[in-house]
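Participant: I have a structure I would like to understand better, so I am pasting it below and will then ask my questions one at a time.
The values are calculated or read from the model by the stated rules, or taken from the named source; none is laboratory data. The shown structure was predicted, so the numbers you read here are calculated from the model rather than taken from an experiment. With ideal geometry, Cβ positions are generated from the backbone for all residues, glycine too; neighbour counts draw on all protein chains shown.
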4 protein chains.
Amino acid sequence: MDKMKCAVLGATGVAGQQFIEALAGHPWFEITGLYASEKSANKKYKEACTWHSPTPLEEAVGEQKVQLLDNVGSDLKQYEIIFSALPSEVARQIEGACAKEKPVISTAAAYRYEEDVPVLIPEVNAEHAGLIKVQQKGRGWKGFVVPGPNCTTMGLAITLKPIADSFGIKNVFMTSMQALSGAGYPGVPSLDIIDNIIPYISKEEEKVEQEAVKILGKCSGSSVANAGFRISCTCTRANVSDGHTESVFVETEKHAAVEDVSAAMERFNSECKKKFGHLPSAPERTIVIKEEENRPQPRLDRELGGGMSTVVGRIRKDAVFENGVKYVLLSHNTKKGAAKGEVMAAEYLHKAGYF
Amino acid sequence: MDKMKCAVLGATGVAGQQFIEALAGHPWFEITGLYASEKSANKKYKEACTWHSPTPLEEAVGEQKVQLLDNVGSDLKQYEIIFSALPSEVARQIEGACAKEKPVISTAAAYRYEEDVPVLIPEVNAEHAGLIKVQQKGRGWKGFVVPGPNCTTMGLAITLKPIADSFGIKNVFMTSMQALSGAGYPGVPSLDIIDNIIPYISKEEEKVEQEAVKILGKCSGSSVANAGFRISCTCTRANVSDGHTESVFVETEKHAAVEDVSAAMERFNSECKKKFGHLPSAPERTIVIKEEENRPQPRLDRELGGGMSTVVGRIRKDAVFENGVKYVLLSHNTKKGAAKGEVMAAEYLHKAGYF
Amino acid sequence: MDKMKCAVLGATGVAGQQFIEALAGHPWFEITGLYASEKSANKKYKEACTWHSPTPLEEAVGEQKVQLLDNVGSDLKQYEIIFSALPSEVARQIEGACAKEKPVISTAAAYRYEEDVPVLIPEVNAEHAGLIKVQQKGRGWKGFVVPGPNCTTMGLAITLKPIADSFGIKNVFMTSMQALSGAGYPGVPSLDIIDNIIPYISKEEEKVEQEAVKILGKCSGSSVANAGFRISCTCTRANVSDGHTESVFVETEKHAAVEDVSAAMERFNSECKKKFGHLPSAPERTIVIKEEENRPQPRLDRELGGGMSTVVGRIRKDAVFENGVKYVLLSHNTKKGAAKGEVMAAEYLHKAGYF
Amino acid sequence: MDKMKCAVLGATGVAGQQFIEALAGHPWFEITGLYASEKSANKKYKEACTWHSPTPLEEAVGEQKVQLLDNVGSDLKQYEIIFSALPSEVARQIEGACAKEKPVISTAAAYRYEEDVPVLIPEVNAEHAGLIKVQQKGRGWKGFVVPGPNCTTMGLAITLKPIADSFGIKNVFMTSMQALSGAGYPGVPSLDIIDNIIPYISKEEEKVEQEAVKILGKCSGSSVANAGFRISCTCTRANVSDGHTESVFVETEKHAAVEDVSAAMERFNSECKKKFGHLPSAPERTIVIKEEENRPQPRLDRELGGGMSTVVGRIRKDAVFENGVKYVLLSHNTKKGAAKGEVMAAEYLHKAGYF
């Protein structure tokens, strides 16, 4: 079977490199176009970019010539999927132009908050893909844009889903300790983070608070109604390379015993495996529950499930809420929380017939 | 004027070293006895301990001979104050024995949860010192034990105090990112914290949840009634040498506008300065409010006020609570949160006539 | 074909865990015995040890029961190879006892400096294996002890080998920046290494200076004559989890142009591939030469060749020596430099008929 | 006595901030002009710069208005000393223009390698100040330019000086582990240094190799003859905020016993104290020799002597050289190795009558 031809936009940046790593040896998709700005265009990819991953760049991709981003519009017929890792300044215009013809799967925030755009996490809100039709009709596009959530929203939404389904959610408090790779490259200066915590990440809290209730909302065919709970976040940067840790306090509608929360998450795992287990990038377990009292830890747990599992630990009764639990989660921000998560979303959309 | 003669128990450990640093050049107190276990006894202090601070050890203290801890009981008449940095296993027995005769000011947890023992932070609950009389009477002691709070409780209690006084508190959620020095020495293995967060600190959450409501409780002469709010904590360890960062969400009884919270904290500063400004270890400002959006940061802010100020930033309206704020605080865990904080408590008790 | 049955001594420590990781799924060897001290004996392995690697422990090994180290003597007939990760205090006695009957492949230093014991790195001194016969004859052993070098010696000896063969070596200066995992667990306290370099590692410099000339020496059948050059080392500890970096200055006998040194290393690679390429743990390239001016770097390069390649960069003419080069090398201290390197040595000895 | 009026060029950058910190409360010098590029000009200093030091910015300096760098030429008559922290691209032209009228003391490399320009370290080569006259005469300048050495050269030159004087030097090998602050701000990206060593710093090795022999050379009135030894360096970047560590191997002309090297350094200290002890920025001891086997360490020792002492440890006989020693040194790269070192040079030149 021929693989589907894909273009990667913003291919030389860190987010773009993560798409290339996520697509290496992919059984269904194949990178046939790499697009970047003028600085990189017309160079071999391996010369245009400084490769940041310990996993070596595939030889074949390294030899491909980088093309000028401005030209992608005229090349669209060559591709079946456009993966976009564009910075937000340019994402809106270029993703929109591509979506007139082709599906665009994106890590950028540009379209996330539009009414007719699903922020898609297959395990959580596959049914939101229905908005694609609304989007195409309303905008007159043959293709579409489907963005993933912010990397900090990802693990939170995945862990809240089985809790919401089994117990209902009233309120959520979350404090994150986020990895350096979330800020891209060069990103956080080393002098700012050595022996330090930075208790602020620009616009992050607003994104998480807004996205999580959209993702967990009900899709009524033509639109999504936000979930009926509230979230308050404080987002900090820690001296960790990859893997966002989040401390979560959840007030539930119904009583949620610790063992019932674990059981709900395991049921969720079973359903995910049934529905998505055939997708090449799906992990064996959507949520890995650690029983050790000092886990999850980024250095030890972030690569579980190939970086696609959300790792949860320390589930315990909350000390304030009448009904509620607190727990700690870990989500790989550049794998599940970015490019590899978007590749899995594309796998889902392909199997669901959206391409 | 002659200085008051002090003994330091557990002098060679990290907590003991911090007492020695906090008492260096002190205008009122002078170290005349250093006590430690058999391994160190009868050696010069500078040979018995591996000094961990970048601030060099005072020559005169370094030359003092370390004495056997078991002998402190028979030396008590030589001292006016006993500073205890004993590990919890031995603190209970030895501190109790010393308190029969002399005041014991301690960083250990051994007596913190007893009804007749104040967990004293002068700025927050100076009136709890009244329990000393109850303690002496009930136990038949001529001296007494006054412990300070856990290092993680310290900054939280100080910042909650003006909020409680001005707005009333209903609920508190707190996630800490704690410094390595909080675990003592050798403490946290480097392989456990490089490129990592450890989302668990043994017994820490229980201590904070229990101590904060006691410290902020009302003292009715003979006992303390816990404050009427609840706290839920998640305590984590971050790759930071000194300075505990805490992300706090507070639900208040009354509406608490951001500027009113700041104003309440500044009023609290003024009162503290009036009441405690003459104490040698008291900082210029009890709470330093940072206006920059990315502060407080441990590396930049922990030494403010000689490590005795609690630094607060990012005060903003909470997104969940009808009435409430969230903020980030930083407290120097080995200065205000441990030995130097206890030295200030001793200064207060001295001036208040308890010695 | 049946796999060879192996015991791992000191199985629960960090070095022992690395043997277990190195032997996971091994095509020739199979772990059938795990030995440790009383504290761990009679527990399931997964309960007896705190597993430190991000690579999860194999289920089957985790379920094996740990046996008491003192009993290994009576179990020897069950094993074909004994892998020893014992601490030096006990290694000498127990390895000797096992070697009376069976081959012992060890990461311990206990026997390294004995005249009849080869410090074996197959790529460098396979012919030293001839000492095994001398050892067996002289000691009346049916088995033997073959230790590997200190982890810091490993990369140095491998890179000096092609230089010595092509140009002759007169003098070597080496400064290492060593990884935390080299100190075991708990090893280096985090407070000692945060924002720091420790310019000393106990006995490390002496080991490297002594081992390198033995390993590169000529074996005349019954003994090894040390190589005729001198080495001076300064060994430091850096804030790196895995991978020892070494800055090397080599004075050569003959002129050694930079490109000739690279060529000599590449020829060495070809020979190693011919001789050892069939061994399961051998890397594709013994030495990987990086052309980028800022490599090798531990985080990016330590896993090359499955952690079994020595990575070399910055080969350039030395500024002092008439004839000489300087370069930087990186060697994975817990893989090539310890257990996995010893597993490869065992593979070689097996194929060479020593078992 | 009126203080001397000083301007700081490049005042808002990290190097400029270090001048401001080094001049805070200075008894002889006073900052009356702050110059920076267009982006900062006409703002209050505290608003124009992001202050990086934990030591708070002096209020009075923070309130000064930043002036446009291009205008400094017409303001020169207002100043007695110009401190330059300009980036190398602009340093050459602007420092030269200022030197026509006034003394320029600089941390920039622009003039370091000119024949008539001394690279001044008072303790090492005060007599090189004689070149100032040559420079003024040859160039027709009323002022002059005196740069300090590269931060990595500083500690090396200071420690080699007493060795050269007592034993003569033939060859030097040096490997540095340099601090992040040496790269300025934003400088090294955090993703590049977490769990890592970067074995390369652009142009650093060449600078050190060239400067050290000039600084230690003889000044014959009109020119400097380079010292007659050779240096070979490898410069690496480590995960340390401040303080360059250097591993040094020195071949001496005469036999140099370890205790004789220590004694030579202590004699050097005595002479330095006699000659420079009255300078406000001079440390009590130019070289601090640590006897502990695991020192110097950046985190513990960099602030000795107010960051102005070079800290030496592990002096021992070299294992290769017939005559020679090896040792480890630590030098504070942003204090002695940059602005504060240059302030001390200015203090010396003032007392020596060059202003």
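Participant: Please list, ordered by first then second residue, the pairs with beta carbon atoms under 9 Å, 6 or more apart or interchain, first in the stretch A:215-229 and on the phi < 0 side of the Ramachandran plot, second of a type in the set (Gly, Ala, Ser) and assigned to a strand (DSSP E or B).
Facilitator: Note: pairs meeting the criteria are A:Gly217/A:Ala225; A:Lys218/A:Ala225; A:Cys219/A:Ala225.
Participant: Here are some conditions: (1) outside any helix (DSSP H, G or I); (2) out of contact with any Ser or Thr (no Cβ under 7 Å at 6 or more places or on another chain); (3) away from every other protein chain (no Cβ under 12 Å). A:Val311 meets all but one. Which one does it not meet?
Facilitator: (3)
Participant: What is the residue count in the stretch D:273-303 for residues that are closer than 23 Å to D:Ala339 by Cβ, more than 14 Å from chain C (Cβ to nearest Cβ) and either surrounded by fewer than 23 Cβ atoms within 10 Å (Cβ to Cβ) or among the polar types (S, T, N, Q) (or both)?
Facilitator: 13
Participant: Mind listing whichever residues of the stretch A:46-61 are touching a strand residue (DSSP E or B) at 6+ places or on another chain (Cβ under 7 Å) and surrounded by fewer than 17 Cβ atoms within 10 Å (Cβ to Cβ)?
Facilitator: Initial filter on the stretch A:46-61 (touching a strand residue (DSSP E or B) at 6+ places or on another chain (Cβ under 7 Å)): A:48, A:61.
Answer for the stretch A:46-61, where residues must be touching a strand residue (DSSP E or B) at 6+ places or on another chain (Cβ under 7 Å) and surrounded by fewer than 17 Cβ atoms within 10 Å (Cβ to Cβ): there is none.
Participant: Tell me which of these D:Gly184 doesn't satisfy, since it passes every other one: (1) modelled with pLDDT under 95; (2) farther than 16 Å from D:Lys207 by Cβ.
Facilitator: (2)
Participant: Between C:Val104, C:Val117, C:Val146, which is assigned to a loop (DSSP other than H, G, I, E, B), touching a helix residue (DSSP H, G or I) at 6+ places or on another chain (Cβ under 7 Å) and either at pLDDT 95 or above or crowded, with 24+ Cβ neighbours inside 10 Å (or both)?
Facilitator: Values: C:Val104 fails: assigned to a loop (DSSP other than H, G, I, E, B); C:Val146 fails: assigned to a loop (DSSP other than H, G, I, E, B).
Exactly one residue qualifies, and that residue is C:Val117.
Participant: Evaluate the stretch B:223-232: report whether one residue or more is at the interface with chain A (Cβ under 8 Å from one of its Cβ atoms), β-branched (Val, Ile, Thr) and buried (at least 24 other Cβ atoms within 10 Å of the Cβ).
Facilitator: Applying the first criterion (at the interface with chain A (Cβ under 8 Å from one of its Cβ atoms)) to the stretch B:223-232 yields B:230-232.
Imposing the further condition that a residue be β-branched (Val, Ile, Thr) reduces the set to B:231.
Then drop every residue that is not buried (at least 24 other Cβ atoms within 10 Å of the Cβ), which leaves B:231.
Yes; the residues of the stretch B:223-232 include at least one that is at the interface with chain A (Cβ under 8 Å from one of its Cβ atoms), β-branched (Val, Ile, Thr) and buried (at least 24 other Cβ atoms within 10 Å of the Cβ).
Participant: Okay, moving on. Given the conditions (1) at pLDDT below 95; (2) of a type in the set (Ser, Thr, Tyr); (3) closer than 30 Å to C:Leu191 by Cβ, report the number of the one that A:Ser222 does not fulfil.
Facilitator: For A:Ser222, the exception is condition (3).
Participant: Another question, then. Sort out which residues of the stretch C:38-91 are of a type in the set (A, V, I, L, M), in contact with a helix residue (DSSP H, G or I) (Cβ under 9 Å, 6 or more places away or on another chain) and away from chain A (no Cβ under 14 Å), and write them in order of number.
Facilitator: Pass one, the stretch C:38-91, residues of a type in the set (A, V, I, L, M): C:41, C:48, C:57, C:60-61, C:66, C:68-69, C:72, C:76, C:81-82, C:85-86, C:90-91.
Okay, now just the ones that are also in contact with a helix residue (DSSP H, G or I) (Cβ under 9 Å, 6 or more places away or on another chain), so C:41, C:57, C:61, C:66, C:69, C:72, C:76, C:81-82, C:85-86, C:90.
Within the stretch C:38-91, C:Ala41, C:Val61, C:Val66, C:Leu69, C:Val72, C:Leu76, C:Ile81, C:Ile82, C:Ala85, C:Leu86, C:Val90 qualify.
Participant: Is it the case that the stretch B:275-284 has a residue that's in a loop (DSSP other than H, G, I, E, B) and without any contact (Cβ under 8 Å) to a residue 24 or more places away in the chain? Spell out how you get there, then give the answer.
Facilitator: From the stretch B:275-284, those in a loop (DSSP other than H, G, I, E, B) are B:277-284; that's our starting set.
Cutting the leftovers down to without any contact (Cβ under 8 Å) to a residue 24 or more places away in the chain gives us B:277.
Scanning the stretch B:275-284 turns up at least one residue that is in a loop (DSSP other than H, G, I, E, B) and without any contact (Cβ under 8 Å) to a residue 24 or more places away in the chain.
Participant: Right, next: Quick one: B:Trp141 ticks every box in (1) surrounded by fewer than 24 Cβ atoms within 10 Å (Cβ to Cβ); (2) under 30 Å from B:Glu259 (Cβ atoms) except a single one, so which number is it?
Facilitator: Tallying (1) surrounded by fewer than 24 Cβ atoms within 10 Å (Cβ to Cβ); (2) under 30 Å from B:Glu259 (Cβ atoms), B:Trp141 fails exactly one: (2).
Participant: Please go through the stretch B:321-343 and give me each residue that is part of a helix (DSSP H, G or I) and surrounded by fewer than 24 Cβ atoms within 10 Å (Cβ to Cβ), ordered by number.
Facilitator: The answer is B:Lys340, and nothing else.
Participant: Kindly indicate whether A:Ser241 is touching a Ser or Thr at 6+ places or on another chain (Cβ under 9 Å), within 14 Å of chain B (Cβ to nearest Cβ) and not acidic (Asp, Glu). Before you say what the answer is, go through the steps one by one.
Facilitator: Details: touching a Ser or Thr at 6+ places or on another chain (Cβ under 9 Å): yes; within 14 Å of chain B (Cβ to nearest Cβ): yes; not acidic (Asp, Glu): yes.
So A:Ser241 fits the description; yes.
So that you can scan it fast, the table gives a plain yes or no per residue for (1) surrounded by 20 or more Cβ atoms within 10 Å (Cβ to Cβ); (2) within 23 Å of the chain's Cα centre (by Cα); (3) under 26 Å from B:Asp2 (Cβ atoms):
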{"site": "B:Gly33", "(1), (2), (3)": "yes, yes, yes"}
{"site": "B:Lys39", "(1), (2), (3)": "no, no, no"}
{"site": "B:Lys44", "(1), (2), (3)": "no, no, yes"}
{"site": "B:Glu63", "(1), (2), (3)": "no, no, yes"}
{"site": "B:Leu68", "(1), (2), (3)": "no, no, no"}
{"site": "B:Ser74", "(1), (2), (3)": "no, no, yes"}
{"site": "B:Gln78", "(1), (2), (3)": "no, no, yes"}
{"site": "B:Ile82", "(1), (2), (3)": "yes, yes, yes"}
{"site": "B:Ala85", "(1), (2), (3)": "yes, yes, yes"}
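Participant: Let me ask another. Would you be able to say whether some residue in the stretch C:289-306 is part of a loop (DSSP other than H, G, I, E, B) and within 18 Å of the chain's Cα centre (by Cα)?
Facilitator: Here is the first cut: in the stretch C:289-306, the residues part of a loop (DSSP other than H, G, I, E, B) are C:290-297, C:302-303.
Among the residues that remain, those that are also within 18 Å of the chain's Cα centre (by Cα) are: C:302-303.
Yes, the conditions are met somewhere in the stretch C:289-306.
Participant: Do you know which residues across the stretch C:125-179 are more than 14 Å from every other protein chain (Cβ to nearest Cβ), closer than 30 Å to B:Ile193 by Cα and among the small types (Gly, Ala, Ser)?
Facilitator: The one that is more than 14 Å from every other protein chain (Cβ to nearest Cβ), closer than 30 Å to B:Ile193 by Cα and among the small types (Gly, Ala, Ser): C:Gly148.
Participant: Which residue pairs have Cβ atoms closer than 6 Å, lie 6 or more positions apart in sequence or on different chains, and pair a first residue in the stretch B:67-85 that is under 24 Å from B:His350 (Cα atoms) with a second residue that is in a helix (DSSP H, G or I) and not small (Gly, Ala, Ser)?
Facilitator: Going by the 6 Å Cβ cut-off, the qualifying pairs are B:Ile82/B:Cys98; B:Phe83/B:Phe19; B:Ser84/B:Glu95; B:Ala85/B:Phe19.
Participant: Write out, first by first residue and then by second, each pair whose Cβ atoms fall under 7 Å of each other, whose residues are 6+ apart or on separate chains, and whose first residue, in the stretch A:105-119, is within 14 Å of A:Ile132 (Cα to Cα) while the second is among the basic types (Lys, Arg).
Facilitator: Every condition considered, the pairs that remain are A:Val119/A:Arg112; A:Val119/A:Lys214.
Participant: Out of everything in the stretch D:180-222 that is in a helix (DSSP H, G or I) and among the basic types (Lys, Arg), what residue ends up being nearest to the other protein chains (Cβ to nearest Cβ)?
Facilitator: So in the stretch D:180-222, the residues in a helix (DSSP H, G or I) come out as D:180-183, D:190-193, D:204-215.
Filter once more, keeping what is among the basic types (Lys, Arg): D:207, D:214.
Values: D:Lys207: 13, D:Lys214: 15 Å.
Restricting to residues being in a helix (DSSP H, G or I) and among the basic types (Lys, Arg), the top hit is D:Lys207.
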